1. Counting only residues that are touching a Pro at 6+ places or on another chain (Cβ under 8 Å) and assigned to a helix (DSSP H, G or I), how many does the stretch 187-218 have?
2. Quick check on my filter: what residues within the stretch 98-138 are among the small types (Gly, Ala, Ser) and either part of a loop (DSSP other than H, G, I, E, B) or in contact (Cβ under 8 Å) with a residue 60 or more places away in the chain (or both)?
3. Tell me, please, whether a residue that is charged (D, E, K, R) and touching a His at 6+ places or on another chain (Cβ under 9 Å) can be found in the stretch 102-114.
4. Before we move on, is Thr273 modelled with pLDDT under 95, assigned to a helix (DSSP H, G or I) and of a type in the set (S, T, N, Q)?
5. Any residue in the stretch 68-87 that is at pLDDT 95 or above, surrounded by fewer than 19 Cβ atoms within 10 Å (Cβ to Cβ) and within 17 Å of the chain's Cα centre (by Cα)?
6. Against the definition (touching a Lys or Arg at 6+ places or on another chain (Cβ under 7 Å), of a type in the set (A, V, I, L, M), under 24 Å from Leu29 (Cα atoms) and surrounded by 21 or more Cβ atoms within 10 Å (Cβ to Cβ)), how does Val92 come out, yes or no?
7. Mind checking which pairs have a first residue in the stretch 261-289 that is among the charged types (D, E, K, R) and a second that is modelled with pLDDT under 95 and not in a helix (DSSP H, G or I), Cβ under 9 Å, 6 or more apart or different chains?
8. In the stretch 170-180, which residues are in a loop (DSSP other than H, G, I, E, B) and either farther than 12 Å from Glu240 by Cβ or under 11 Å from the mean Cα position of the chain (by Cα) (or both)?
Amino acid sequence: MKIHIPKEEYMDPGHLACSGCGSPLGLRLALKALGEKTMIVIPASCMSVIVGPFPYSALKVPSVHVAFATAACSASGIRASLDMQGDGETTVVAWAGDGGTFDIGIQALSGAAERNDDFIYICSDNEAYMNTGIQRSSATPYLAWTTTTPVGNLKERPKKDIMAIMAGHHIPYAATACVAYPEDFIRKLKKAKDMEGTRFIHLLSPCPPGWRIASDEAIKVARLAVETKVFPLYEIEHGEIYMLTYQPRGIPVEEYLNQQGRFRHLTDEEMATIQENVDREWNRLMEQCEGATRRGVSRLAQ
């Protein structure tokens with residue numbers, strides 16, 4: 001299905017992001033999809049710096065800066081306040097990083113999801129605590145370099161499966177997205193906007209300084225993450241119905257890893273292990289999608 005990208009802009013170019021950052025592109029696209037009747041909740045993160053300090057803002061919609069751990073519960077409170085005022089039109093969006101989602105904010109997110117509070121939660125995932133110096137988070141990939149997992153003491157645990165965690169809450173909608181695939185992202189946001197309850201979108205947003213890539217390579221590397229099956233694009237309805245939204249080419253994972261300085265230290269054997277891990281997770285996802293097919297749902301969402 002062809003998706004039209006709206007021309008309207010709700011984010012000004014005078015923001016404070018690093019050159020080539022994927023996150024402001026993601027927020028720009030999100031606001032295009034959701035429109036001006038949107039309120040953004042931003043916890044401590046790169047985005048809390050990017051949009052500018054009070055009284056300045058690069059956003060043309062209301063935004064509320066909140067504490068690191070409180071994105072979801074703040075969004076819940078704002079939604080309740082708007083409902084009490086009779087405003088059922090405004091879409092409330094929590095925009096948090098991976099640290100504020102996978103780690104510090106997961107308790108508030110889990111509570112809101114269990115209550116099925118009515119807002120959209122977008123995790124802009126750059127796979128580390130980039131704003132404070134590139135420290136590892138539980139979203140950091142296996143064997144990735146960060147300042148707290150240097151060569152010789154690399155991260156030996158896999159990336160936390162946040163989608164499985166959210167699916168376990170049986171929320172109406174959860175989806176992955178990537179800044180290199182704007183039509184897919186916008187389609188998912190429009191779908192989420194028309195639903196009620198907790199909706200979760202896991203958005204891959206490369207960080208050039210943290211990933212050790214050039215400032216003009218974020219989209220190229222993000223696309224490789226999808227095409228190598230490292231970061232599949234799919235959606236889950238009610239924690240049970242899995243649907244693939246883009247069929248990747250299945251490029252060898254080494255093409256993705258070799259583009260990034262944070263993986264420069266990897267040996268051939270370590271790359272082979274990562275390829276095995278990617279293949280295993282892809283096969284598991286396909287089994288979940290096949291289960292949806294048996295229940296009469298298309299394996300490749302339209």
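1. From the stretch 187-218, those touching a Pro at 6+ places or on another chain (Cβ under 8 Å) are 195-199, 213-215, 217-218; that's our starting set.
Next cut, assigned to a helix (DSSP H, G or I) only: 218.
Within the stretch 187-218, residues that are touching a Pro at 6+ places or on another chain (Cβ under 8 Å) and assigned to a helix (DSSP H, G or I) number 1.
2. Passing the criteria: Gly105, Ala112, Ala113, Ser124, Ala128, Gly133, Ser137, Ser138.
3. Yes, that holds for at least one residue.
4. So Thr273 fails the test.
5. Scanning the stretch 68-87 turns up at least one residue that is at pLDDT 95 or above, surrounded by fewer than 19 Cβ atoms within 10 Å (Cβ to Cβ) and within 17 Å of the chain's Cα centre (by Cα).
6. Yes.
7. That search, which allows pairs on different chains as well, returns nothing.
8. Val179, Ala180
The values are calculated or read from the model by the stated rules, or taken from the named source; none is laboratory data. Quantities reported herein were computed from a predicted structural model and do not represent experimental measurements. No Cβ is skipped: glycine too gets one built from the backbone with ideal geometry, and neighbour counts run over all protein chains shown.
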